[in-house]
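In what follows, a single structure is set out as structure tokens and then discussed.
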Amino acid sequence: MMVVALFATLNMNAQGEAGGMFVKPMAGLTYSTITKSDAKMKLGFAAGAEFGYNFTENITFTGGLLYTMEGAKRDYRSGDLKTTLGYLNIPILFNYYVIPGLALKTGIQPGILLSQKTKIEVDNYETENTGTDGLNKVDIAVPFGVSYEFSDFIIDARYNLGLLKIAKDSNSDYEDPSDGKNSFFMLTVGYKINF
């Protein structure tokens, strides 16, 4: 019984009142790939902040700035090829609270490509290719996610489906898989500051 009471108390502040605003610094991990048949998932990180407005007790709109590491890895001859893409993403999300503290979310996420690094490791040979020439500087994704709030902390899990090709044209440098689209999961922890 005490556990139920504690759980209810933690959730009392999980949603703001209608008209309230908040900022949420957040950080976590990405698990990404590029939509090409032989591309594999790779780990990265994400960090930034989102700003929110509680339209009603059940509906919140958020907009943010997030730096995310995306990309993929793949087998290359007798070694590995790893592509790392750094984006400044701007998620604009509709959040619907199905129960206190638990929100489903979706929206649109424009992104700006900041950096690219392709690293090849074959036997004892290692080389890197950097720069964003030949790559689209803008990406668009559709996020789908769920979050849970407790005592102003927010655990957020999202899948981001890229809509645009990474490369302007098919990129054959190092057999780079950048002619596909971004696809990544993101898990973050944030802290909600109401104002």
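The values are calculated or read from the model by the stated rules, or taken from the named source; none is laboratory data. What you are looking at is a predicted structure, and each value in this text was computed from that prediction instead of being measured. Every residue, glycine as well, gets a Cβ built from its backbone with ideal geometry; the counts of neighbours run over all protein chains shown. Please note that ligands, DNA and RNA were not included when accessible areas were found on the heavy atoms of the full protein model with its side chains. Shrake-Rupley method; radii C 1.70, N 1.55, O 1.52, S 1.80 Å.
For this structure, a couple of remarks:
- Hey, L93 at pLDDT 95 or above and open to solvent by 20 Å² or more (accessible area, probe 1.4 Å) or not: no
- Subset of segment 105-160 [among the aliphatic types (A, V, I, L, M) and exposed (fewer than 14 other Cβ atoms within 10 Å of the Cβ)]: I112, L114, V122, V138, V142
- Candidate set: segment 68-87, residues that are out of contact with any Lys or Arg (no Cβ under 7 Å at 6 or more places or on another chain) and surrounded by 15 or more Cβ atoms within 10 Å (Cβ to Cβ); chosen: the one nearest to K137 (Cα to Cα): Y87
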